[in-house]
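*Asks:* Here's a structure for you.
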Ligand SMILES: Nc1ncnc2c1ncn2[C@@H]1O[C@H](COP(=O)(O)OP(=O)(O)OP(=O)(O)O)[C@@H](O)[C@H]1O
Ligand SMILES: [Mg+2]
């Protein structure tokens with residue numbers, strides 16, 4: 001049996017709100033909330049959604065069970081986010097989530113996998129090593145479907161596990177889809193749910209002093225909006241309750257049976273948050289040698305949808321680009337990192 005043929009290349013992006021996995025040729029995509037929770041036994045077989053991905057239970061080698069992703073979000077009393085404020089919180093939980101999600105990609109036993117995964121830019125080197133070591137090697141993944149009670153045991157081997165700063169995925173994706181074969185000098189701004197990650201690539205090198213992160217992100221916008229509505233209405237709204245309204249671009253929200261227009265508040269904070277991000281970007285770029293010339297600004301992450309047009313204008317006003325259309329936004333900014341990592345894994349497999 002030729003090993004090469006059987007190696008599955010999978011790209012992973014461990015985000016604050018969503019963990020994204022992309023399979024060979026980008027055909028299979030899995031998105032789960034970045035949550036791991038304690039099991040909470042309930043009634044089986046009654047819900048209508050019996051899909052594996054929304055009912056994932058993982059049993060670790062020590063016999064402990066965990067709810068993962070959407071199941072943890074909906075049913076766990078105690079749940080832990082994999083990341084917070086732009087940093088990974090627990091590599092152990094990240095490994096649990098990735099293993100569980102991988103069970104959706106592997107169709108036959110004893111599959112060989114090559115994984116490329118992104119972690120927040122601010123992650124220390126030793127954590128990246130922990131993640132890589134924790135995932136590499138042969139393993140048995142024991143998963144169950146909480147809705148049906150069905151169990152699966154999958155033996156797989158992760159031959160390689162590359163761990164990289166998250167934005168590099170989008171960089172690679174843009175390069176490959178635009179047919180570039182040289183290393184383009186670029187800065188990637190990834191506005192996510194919990195942080196904005198910035199990565200500068202200069203002469204093919206990842207520039208550490210010109211890369212970093214700020215907390216300003218979709219969460220910041222939700223927090224500002226919540227506190228503004230709390231003042232207007234006297235009712236307490238929690239930021240996460242407003243994420244959906246932001247995501248679908250609602251102009252009004254219902255609070256205690258009354259409609260409130262949120263468009264002005266959103267516009268105001270989109271502007272001020274974009275200013276902070278560009279400010280930080282300028283400081284980071286200031287550490288590059290004066291001969292460095294950034295050819296491309298890539299704007300990625302779910303926040304590119306919300307902050308995109310504002311960011312393009314502010315980047316132009318600040319002379320980081322000549323015109324707004326020099327800023328590149330990937331076709332699917334939420335998935336771009338995972339797509340790029342999939343291609344990196346493919347190249348290594
Ligand atoms: N089409 C869309 N329009 C607007 N907002 C969106 C869209 N899709 C996703 N989002 C928002 O983007 C966020 C998710 O983006 P993304 O997956 O890039 O974040 P993340 O990687 O989980 O977080 P981080 O990068 O901070 O760790 C969510 O808050 C979601 O509400
Ligand atoms: Mg992200």
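Every number in this text was worked out from the coordinates using simple rules, so none of it is lab data. If you're wondering where the values come from, they're calculated on a predicted model, not measured in any experiment. Cβ: placed from backbone, ideal geometry, glycine included. Neighbour counts: every protein chain shown.
*Asks:* Give me 77, 241 sorted ascending by neighbouring Cβ count inside 10 Å, so fewest comes first.
*Replies:* If I rank by nearby Cβ atoms, fewest first, I get 77, 241.
*Asks:* Using alpha-carbon positions, what is the distance between the centroids of region 39-70 and region 311-333, in Å?
*Replies:* Between the Cα centres of region 39-70 and region 311-333 lies a distance of 42 Å.
*Asks:* Hey, fewest Cβ within 10 Å first, where do 52, 43 land in order?
*Replies:* Details: 52 18, 43 7.
By the 10 Å Cβ count, ascending, the order reads 43, 52.
*Asks:* Please work out the C-alpha center-to-center distance from region 206-220 to region 250-286 and express it in whole Å.
*Replies:* Measuring centre to centre over Cα atoms gives 18 Å.
*Asks:* Tally the DSSP beta bridges in the chain and give the antiparallel ones as a percent, rounded to 5. Each step should come with its number before you reach the end.
*Replies:* On the way: 47 of 70 bridges.
Of all bridge pairs located within the chain, approximately 65 percent are antiparallel.
*Asks:* Taking the Cβ-Cβ separation of residue 73 and residue 150 as r and a Förster radius of 22 Å, what is the calculated FRET efficiency to the nearest 0.05? Write down the numbers at each step before the final one.
*Replies:* Values: r = 21 Å, r/R0 = 0.94.
Efficiency computed from Cβ-Cβ geometry: 0.60.
*Asks:* Along the Cα→Cβ direction, 7 angstrom out, place labels at residue 89 and residue 215. What is the inter-label distance in nm?
*Replies:* 1.5
*Asks:* With a point put 7 Å past each Cα toward its Cβ, work out how far residue 125 is from residue 264 in nm, to one decimal.
*Replies:* Once both label points are built, they end up 5.2 nm from each other.
*Asks:* Quick one: 325, 62, 146, 279, fewest Cβ neighbours within 10 Å first, how do they rank?
*Replies:* Details: 325 9, 62 5, 146 24, 279 14.
By the 10 Å Cβ count, ascending, the order reads 62, 325, 279, 146.
*Asks:* Further question: I want to verify the translational diffusion coefficient of the chain in µm²/s; compute it with Stokes-Einstein, Rh as the Kirkwood radius over Cα pairs, at 20 °C and 1.002 mPa s. Kindly include the intermediate steps, with their values, before the conclusion.
*Replies:* Working: Rh = 21.1 Å.
Calculated translational D: 101 µm²/s.
*Asks:* Still on this structure: If R0 is 22 Å, what FRET efficiency do you get for residue 272 and residue 235 from their C-beta distance, rounded to 0.05?
*Replies:* On the way: r = 24 Å, r/R0 = 1.09.
Working from the Cβ atoms, E equals 0.35.
*Asks:* Quickly estimate the mean residue ellipticity at 222 nm for the chain, helices only: each DSSP H run with n ≥ 4 gives -39500 (n - 2.57), and the total goes over all residues, rounded to 500.
*Replies:* Details: 10 runs with 120 residues, N = 349.
Here the helix-only value at 222 nm equals -10500 deg cm²/dmol.
*Asks:* Also, quick follow-up: Can you give the FRET efficiency for residue 180 and residue 140, using 1/(1 + (r/R0)^6), R0 = 41 Å, r = Cβ-Cβ distance, to the nearest 0.05? Intermediate values should be presented prior to the final figure.
*Replies:* Values: r = 41 Å, r/R0 = 1.00.
Step by step, r from the Cβ atoms, then E = 0.50.
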